[in-house]
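Here's the structure, in structure tokens; my notes come after.
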Amino acid sequence: MTMSTLKNQFIPYGRQNISEEDIAAVVKVMQGPYLTQGPAVPDFEQAVACEVGSRFGVAVNSATSALHVACLSLGLGPGDYLWTSAITFVASANCGRYCGAFVDFVDIDPATGLISIEALTAKLELAEVNGNLPKVLVTVHLCGTSCDMQSIAGLAQKYGFAVVEDASHAIGGRYCGNPVGNCKYSNITVFSFHPVKIITTGEGGLATTNNPDLERRMKELRCHGITKNPERFEQISPGPWSYEQQDLGFNYRMTDLQAALGLSQLSKLDNIVSERNRQYKRYQELIDKLPVRLLDIPGNVISSVHLAVIRIVNCSSTLHRKVFEGFRSADIGVQLHYCPVHLQPYYRKLGFCEGDLPEAESYATSAISLPLFPGLSDFDQQRVIRTLELLLDP
């Protein structure tokens, strides 16, 4: 069998799965009195908080917005440092820059793609000596697999930094038996509901926390910095119509249309995560004899498996490009998640360069995200791996 015979219908690396029930839920809101700022958003916030075991949920228009208000609510500002993984989407770092903070990066564990506890520990020890410890650490649950949050929480207590879990990939996952998002080991957790994520609201995000002050702060920041609570007014109220803008906030609100879709999708979360794990195990079986490996999932983690990332063993940059372009030529929409953030032009201008984070840089020359989403057939998975086999054949 040749590459040309394997070409067929295009297979994306991920896509949404919208049911008739999802459509009906959105239509119901459209037929009602509220499209925004109605009951669906607080219902969605409560449902997600209940699902993950946190006290509070704060829905916003994207996970990027959630990261921004999370950092602001924790007091991150000019002169402070935010650290995050080098292998993540740029929003995990940009949220620090939005606050005027310095951003620095931690290298990864090559087996998991997650932030390396050893690298983090060594970096913290050096930063303590140099007086530039982070105020906020954004941990990234890459592919839906939780970081080692117990170790990170211990380091946070020792060195005095706040922890934000970027769980954009990870709703429905579990760590040490508990749902990701319960904030047992962090101050705030952030989820994404972009169409290719585990569940979708079209665009949208949500932050969970157990701290009522952080909840209040994030809710005010998502709505122009405004409070309508008379007990918190700084001025004498002229009447019941009053509200106060007490800070410079943003219009980061989620709509009721989005929340209605999210509520419907949330009811299917367990089935979606089970299907993604089934496909992941199928890939493990299919690649067994190939010189590639999927990223490891630690034994104390149930991943939501947002992505199925393989790393090619002993991969050169030439081979990596050949395989990537070969997949695309075969109408298989593979992707790289992610290019190291510190090597993006914006961050290079801030002083970062090649050699700063060797494991992250090596990852980017050997990693490829294979298609994985509810509805992907066994036949299409076999087509993906047969294509990979042909591309790796010297």
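Some points to look at:
- Odd one out for L391 among (1) open to solvent by 30 Å² or more (accessible area, probe 1.4 Å); (2) out of contact with any strand residue (DSSP E or B) (no Cβ under 7 Å at 6 or more places or on another chain); (3) in contact (Cβ under 8 Å) with a residue 12 or more places away in the chain: (1)
- Taking the criterion of being open to solvent by less than 10 Å² (accessible area, probe 1.4 Å), touching a Gly at 6+ places or on another chain (Cβ under 7 Å) and either in a strand (DSSP E or B) or without any contact (Cβ under 8 Å) to a residue 60 or more places away in the chain (or both), the only residue of region 282-311 that qualifies is V309.
- Scanning region 128-149 for residues that are free of Cβ contacts under 8 Å to residues at least 40 places away in the same chain and either part of a strand (DSSP E or B) or under 24 Å from S73 (Cβ atoms) (or both) gives H141, C147, M149.
- Pair list, Cβ under 7 Å, 6 or more apart: region 337-352 residue touching a residue at least 24 places away in the same chain (Cβ under 8 Å) and closer than 30 Å to V305 by Cα, other residue surrounded by 20 or more Cβ atoms within 10 Å (Cβ to Cβ) and β-branched (V, I, T): H337/V309; Y338/I87; Y338/T88; P340/I87; V341/T88; Y347/V341
- Among the residues of region 248-279, those identified as open to solvent by less than 60 Å² (accessible area, probe 1.4 Å) and more than 20 Å from H194 (Cβ to Cβ) are G249, N277.
- Matching option when the condition is open to solvent by less than 40 Å² (accessible area, probe 1.4 Å) and either among the acidic types (D, E) or in contact with an Asp or Glu (Cβ under 7 Å, 6 or more places away or on another chain) (or both), among A330, A367, A360: A360
- A single member of Y346, Y338 is part of a loop (DSSP other than H, G, I, E, B), of a type in the set (F, W, Y) and either open to solvent by 10 Å² or more (accessible area, probe 1.4 Å) or modelled with pLDDT of 95 or more (or both), and it is Y338.
- Considered as a group, the residues in region 33-65 that are surrounded by fewer than 22 Cβ atoms within 10 Å (Cβ to Cβ) and in a strand (DSSP E or B) include one that is modelled with the lowest pLDDT, and that residue is T36.
- Once region 39-55 is narrowed to residues that are in contact (Cβ under 8 Å) with a residue 60 or more places away in the chain and out of contact with any Leu (no Cβ under 8 Å at 6 or more places or on another chain), the residue that is nearest to C183 (Cα to Cα) is S54.
- Residues of region 91-120 classified as farther than 23 Å from I312 by Cα and surrounded by fewer than 16 Cβ atoms within 10 Å (Cβ to Cβ), total: 2
- Residue check for V129: of a type in the set (A, V, I, L, M, F, W, C), open to solvent by 30 Å² or more (accessible area, probe 1.4 Å), more than 14 Å from the chain's Cα centre (by Cα) and farther than 24 Å from A308 by Cβ: yes
- Filter result (touching a strand residue (DSSP E or B) at 6+ places or on another chain (Cβ under 7 Å) and acidic (D, E)) within region 332-365: E359
- Restricting region 206-229 to residues that are part of a helix (DSSP H, G or I) and open to solvent by less than 30 Å² (accessible area, probe 1.4 Å), the residue that is farthest from E165 (Cα to Cα): E220
- Hey, L142 within 24 Å of N277 (Cα to Cα) and at pLDDT 95 or above or not: yes
The values are calculated or read from the model by the stated rules, or taken from the named source; none is laboratory data. The model shown is predicted, which means the values in this text are computed figures rather than measured ones. Virtual Cβ from ideal backbone geometry, glycine too; neighbours counted across all protein chains shown. With ligands, DNA and RNA removed, areas are computed over all heavy atoms of the protein, side chains included. Shrake-Rupley method; radii C 1.70, N 1.55, O 1.52, S 1.80 Å.
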